[in-house]
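What follows is a set of notes on a single structure, which appears directly below.
No value in this document is a laboratory result; all are computed from the given coordinates. Computed from a predicted structure; not experimentally measured.
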Amino acid sequence: MQSFIKAVVLLVAAPLTAANAYALEGRYTAPTGTQVEFCAGGDLAVDAAGLSLVETYIVDGETLTIASTAPNSPCPDTTGVYTVSESETGVSFILIEDDCDIRAADLTSGEWTRTR
């Protein structure tokens, strides 16, 4: 099964905080082709290799936590924790801890590009 989660690109290099987590809201594409949409309220819509699912996410400072709650998740009942690293052109994720190898490989595949 191919990678299934992607992440976030910010339009500006503002630091991520709980107060401005809305900056992550939007659609992003990973170098692997995975597409995600960070929605208001903490839903993360994922579309990867024909698999569509909705997970949940929380941003606390520069830390992103993703929980696999979807029944069709390749890694059910797992949580991944990442540091968000911004650049002028996108966002990259640095692995802190994740038992889901598929998600970790996708999120750390390189810089994510904001598509809307």
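Could you give each residue of segment 49-60 its phi-based ³J(HN,Hα) in whole Hz, using Karplus coefficients 6.51, -1.76, 1.60 with θ = phi - 60°, and x for Gly or Pro?
Running phi through 6.51 cos²θ - 1.76 cosθ + 1.60 with θ = phi - 60° gives 6, x, 9, 10, 7, 10, 10, 10, 9, 9, 10, 10 Hz.
Quick one: grab the alpha carbon gyration tensor of segment 27-116, order the square roots of its eigenvalues as a ≥ b ≥ c, and give me rounded if a/c is under 1.5, else prolate or oblate depending on whether a/b is larger than b/c.
rounded
So what J values fall out for segment 99-116 if you push phi through Karplus, 6.51 cos²θ - 1.76 cosθ + 1.60 with θ = phi - 60°, rounded to Hz, Gly and Pro as x?
7, 9, 4, 5, 5, 4, 5, 5, 5, 9, 6, x, 6, 8, 10, 6, 10, 5
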